[in-house]
1. When N is the residue count of the stretch 19-77, what does its C-alpha Rg come to as a fraction of 2.2 N^0.38 Å?
2. Divide, for the stretch 1-148, the radius of gyration over alpha carbons by 2.2 N^0.38 Å, where N is the residue count.
3. Quick check: at a probe of 1.4 Å, how many percent of the accessible area of the chain sits on carbon and sulfur atoms?
4. Per the Debye formula with a single identical scatterer at each Cα and no solvent contribution, what log10 I(q)/I(0) holds for the stretch 159-199 at q = 0.17, 0.23, 0.24, 0.34 Å⁻¹?
5. Which of the GluC sites (Glu not before Pro) found in the stretch 1-104 are in a DSSP loop and have at most 10 neighbouring Cβ atoms, other than their own, within 10 Å?
6. If I model a spin label at Glu179 and Ala146 as a point 7 Å from the Cα along the Cα→Cβ vector, what separation in nanometres do I get?
7. In Å², what does the accessible area per residue of the stretch 78-205 work out to with a 1.4 Å probe?
8. Comparing Ala134, Ala12, Ala142, which has the greatest mean-square fluctuation in the GNM of the chain with Cα pairs linked when under 10 Å apart?
Amino acid sequence: MGTVEGGSAAGARIEPSADVDDRAAIGAGTTVWHLAQVREHAVIGADCIIGRGAYVGPGVRIGDRVKLQNHALVYEPAVIEDGVFVGPAAVLTNDRYPRAVDPEGRLKREHDWQPEGVTPSQGCSIGGRAVLVAGVTVGRWALVAAGAVVHRDVPDHALVAGVPARRIKWVGRTGHPLEPDGDTHWRCPRTGDRYREANGTLTLV
């Protein structure tokens with residue numbers, strides 16, 4: 001499979017029907033499944049799964065141990081940190097004011113707009129068919145419910161749902177909802193981890 005810009009595809013599994021640009025970098029242990037497309041200068045880390053029909057735009061950066069499920073669409077210049085789950089048919093957009101043409105009716109080109117990527121942070125999960133609006137950041141270990149439309153940043157450990165998405169619970173690193181443990185504290189029922197809530201944020205104690 002040869003050397004590609006920014007790294008090597010050696011040790012990766014790329015199905016024959018996948019469309020992976022020679023200038024993309026694919027980490028060892030990563031699998032790119034059938035009909036997926038990985039564009040030029042994209043960088044995908046080690047031990048990732050890029051599902052059937054998924055799309056990774058030019059210059060997108062994906063960390064290690066990321067799962068990009070079937071038909072998920074990740075548009076440039078998104079940066080996906082380590083251990084992120086992106087559910088089937090989720091969309092990470094890049095244009096706050098999308099138009100096909102400019103005010104004169106001419107087809108818009110690269111210089112006519114400034115793309116803004118989405119940043120899913122370490123360990124977070126994005127549910128199936130969720131839409132993340134250009135420029136938002138999803139916090140560490142947060143959980144975006146299936147079908148949600150996220151138009152503003154999501155705090156660490158927040159579970160957000162709805163259209164537009166709003167926080168409805170806190171979740172731990174396992175994704176399970178936290179249980180109250182005093183006035184300002186929360187506990188994970190799976191791990192026993194305790195968290196403190198202050199000013200709308202959650203921190204591990």
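1. Working: Rg = 9.6 Å, N = 59, 2.2 N^0.38 = 10.4 Å.
Against the empirical 2.2 N^0.38 Å value, I get 0.92 for the stretch 19-77.
2. 1.03
3. 49 percent
4. Listed by q, the Debye log ratios stand at -0.46, -0.75, -0.79, -1.13.
5. Glu104
6. The answer from the label model is 2.6 nm.
7. Values: 7030 Å² over 128 residues.
Result: 55 Å² of accessible area for each residue.
8. Ala12
The values are calculated or read from the model by the stated rules, or taken from the named source; none is laboratory data. Keep in mind that what you see is a predicted model, and the values were worked out from it rather than measured. With ideal geometry, Cβ positions are generated from the backbone for all residues, glycine too; neighbour counts draw on all protein chains shown. Please note that ligands, DNA and RNA were not included when accessible areas were found on the heavy atoms of the full protein model with its side chains. Shrake-Rupley method; radii C 1.70, N 1.55, O 1.52, S 1.80 Å.
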